[in-house]
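Below: the structure, in structure tokens.
The values are calculated or read from the model by the stated rules, or taken from the named source; none is laboratory data. Computed from a predicted model, the values in this text were never measured in an experiment. Heads up, the Cβs are rebuilt from the backbone with ideal geometry, glycines too, and the neighbour counts pull from every protein chain shown. Heavy atoms of the whole protein, side chains included, go into the accessibility calculation; ligands, DNA and RNA do not. Shrake-Rupley method; radii C 1.70, N 1.55, O 1.52, S 1.80 Å.
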Amino acid sequence: MEVRFYMDPETGLPHIYDHGVSEEEVVQILQKQGPVYRGDRNSRLKAGQTDAGRHIQVVYSPDLAGNSVFVITAYPLTGKALKAYRRRQRR
């Protein structure tokens, strides 16, 4: 799967760096099995746990033609969002 990232216009680096998330962590989340939820404007949300144990939420848009995605942002799950994720995993 090809993964492209939104680049921050000010820094020229992937936006996910602003949230302390690496490209490798995003790819790990996207490749794992798990539910995918619909977001706004054809976006998708997928949460998961990285190999290092971090819980990450990835917001992306699937490309219509092919096996690739455009990652808009990704951030660590904390607080209530992390609690809700863990609750969903127990079911």
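The residues of region 62-91 that are hydroxyl-bearing (Ser, Thr, Tyr) and either surrounded by fewer than 14 Cβ atoms within 10 Å (Cβ to Cβ) or at pLDDT below 95 (or both), listed by number, are Ser68, Thr78, Tyr85. The criterion of at least 3 residues that are of a type in the set (A, V, I, L, M) is met by the following strands (runs of 3 or more DSSP E) wholly inside region 1-85: 55-62, 68-76. When Gly53 is tested against the conditions (1) open to solvent by 40 Å² or more (accessible area, probe 1.4 Å); (2) without any contact (Cβ under 8 Å) to a residue 12 or more places away in the chain, the lone failure is (1). Return a yes/no flag: does region 20-29 have any residue that is at pLDDT below 95 and either among the acidic types (Asp, Glu) or farther than 28 Å from Arg91 by Cα (or both). Within region 20-29, not a single residue is at pLDDT below 95 and either among the acidic types (Asp, Glu) or farther than 28 Å from Arg91 by Cα (or both).
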